[in-house]
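Chemist: Following this message is one structure expressed as C-alpha cells.
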Amino acid sequence: MSLNEINNVIVKTEIAKGKSVVPILQNICRWSRTYKKIDVLVKNSNAAFSHVISAYYAGIGTIGDSHNLITKEFGPGVRIVSVLTDAPIEPDPKLEKNLCIHCKKCLRSCPSQYFKEVKGSIYDMDKVKCTEYHVKLKNEHHWPCGICANICPIGDDLKIYRKVKDVTLKGIKHCQAFGS
C-alpha cells in the first residue's frame, strides 16, 4: 500500500467519525497531478505545503542542514504524507535536540552545489538550482537525486553498519573536520 493510499484510509476513517479532514498527499503526486511537471517549480519554487515543517512541528524529527526531515530511527530516510484535521489528537512534543551533527557530507556531496554554509544555522539552499538538477535527472530518467539523504550518517537503522554503538563527540568533531 502506498503512502497516498494509507493517507486515504486515514481520511475515510476520520470522515466516518464526523471529523473534518484535508489530505495532503506525497510531493511526487503534487508534481505530477497539480503542476503536471516538476519544471514548473523552476519558475516558482515555493511549495504550497511543507511536509518537512509539519513533521517537525508534529515532533517526528528535526530539520537537518540539507533541509530534510531527520528522525532518530531512520535519519532522512523517511517519506511523509500529512492529514489536517479537527480530530482531538494529543500532540507529541517537538524534539529539543537537533539530530543533525553538521558533518557537511550533504554540503560536499550535492552534485548541483546548491547548499551554502551559514554559521549557526541550516544551509542556505538554492531551490531553483536544485529543481533544475531534478529536471535534468527526470529528463534522463534518473530522478529523484536524493544524494543528500543517502549520504547522511544519522539514523538508528544504520547502527548495524557501524562499528561503534553511538555517535560520539569525537566522531562528530572528526566528521565536521574531515567529512567522514
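The values are calculated or read from the model by the stated rules, or taken from the named source; none is laboratory data. Predicted model, so just to flag it, every value in this text is computed and none were measured. Because the Cβ atoms are built from the backbone with ideal geometry, glycine has one as well, and the counts that use them run over all protein chains shown.
Chemist: Residue check: is Ile70 at pLDDT 85 or above, part of a loop (DSSP other than H, G, I, E, B), β-branched (Val, Ile, Thr) and surrounded by 16 or more Cβ atoms within 10 Å (Cβ to Cβ)?
Modeler: no
Chemist: Something else about it: Taking segment 102-113 as the search range and keeping residues that are part of a loop (DSSP other than H, G, I, E, B) and surrounded by 20 or more Cβ atoms within 10 Å (Cβ to Cβ), which one is farthest from the chain's Cα centre (by Cα)?
Modeler: Cys103
Chemist: Check segment 95-115 and report whether any residue there is closer than 18 Å to Gly61 by Cβ and touching a Phe, Trp or Tyr at 6+ places or on another chain (Cβ under 6 Å).
Modeler: No: segment 95-115 contains no residue that is closer than 18 Å to Gly61 by Cβ and touching a Phe, Trp or Tyr at 6+ places or on another chain (Cβ under 6 Å).
Chemist: Being surrounded by 13 or more Cβ atoms within 10 Å (Cβ to Cβ), out of contact with any strand residue (DSSP E or B) (no Cβ under 7 Å at 6 or more places or on another chain) and farther than 29 Å from Ile6 by Cα is true for just one of Lys173, Lys97, Lys129. Which residue is that?
Modeler: Lys129
Chemist: Identify the residue in segment 73-94 that is without any contact (Cβ under 8 Å) to a residue 40 or more places away in the chain and not aliphatic (A, V, I, L, M) and, among all such residues, is surrounded by the most Cβ atoms within 10 Å (Cβ to Cβ).
Modeler: Top of the filtered list is Lys94.
Chemist: Looking at Asp39, Asp92, Asp86, which one is closer than 16 Å to Thr131 by Cα, acidic (Asp, Glu), out of contact with any Cys (no Cβ under 8 Å at 6 or more places or on another chain) and modelled with pLDDT under 90?
Modeler: Of Asp39, Asp92, Asp86, the one residue that is closer than 16 Å to Thr131 by Cα, acidic (Asp, Glu), out of contact with any Cys (no Cβ under 8 Å at 6 or more places or on another chain) and modelled with pLDDT under 90 is Asp39.
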